[in-house]
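Structure first, then comments.
Read-outs throughout are calculated quantities, based only on the coordinates presented, and are distinct from any laboratory measurement. This is a predicted model, so every value here is computed, not measured. Note that each Cβ is placed from the backbone with ideal geometry, even for glycine, and that neighbours are counted across all protein chains shown.
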Amino acid sequence: MSDQNYVQPPPPPTPPPNDPYANPGRGISIAGLVLGIVGIVFSWFIVTGIIFAIIGLILSIIGMKKSKDAGYPSGTAMGGLISSIVAIVLSIICFVACAAMLADMGLDFFAGF
């Protein structure tokens, strides 16, 4: 066996310039989307739902800005933004419904405020 017929294999291909994993806002956008969905689920627990939704809204806005500045699409951040807004609206609706129900029962819900 001689080494004269040996051909070195070519190097591995380089990743394309639009590699989706290179998006700097990707992780923050996913976190915003997850927190927006969790905010929708917990919107019936008024305080918890609003906290998750507000954090998700902030993370989605940051992720959208980072993605757009780097020239990547920001669909995940947009989904997080929408789900966080829906969670905030649902939490407000639940708060108003609970206050109206307690007022109808004769309890003063706002006495402690």
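Here are the numbers for the structure shown:
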quantity: Residue order, fewest to most surrounding Cβ atoms within 10 angstrom, among Tyr6, Tyr72; calculated: Tyr6, Tyr72
quantity: Full-stretch length increase - Ile82, Ile58 - with 0.36 nm per residue and alpha-carbon distance subtracted; calculated: 7.5 nm
quantity: Estimated inter-spin distance, Met101 and Val89, nm [label 7 Å along Cα→Cβ]; calculated: 2.2
quantity: For the stretch 24-107, the fraction of alpha-carbon pairs in successive 5 Å shells from zero, as %; calculated: 3, 21, 22, 16, 13, 9, 7, 4, 3, 2, 1, 0
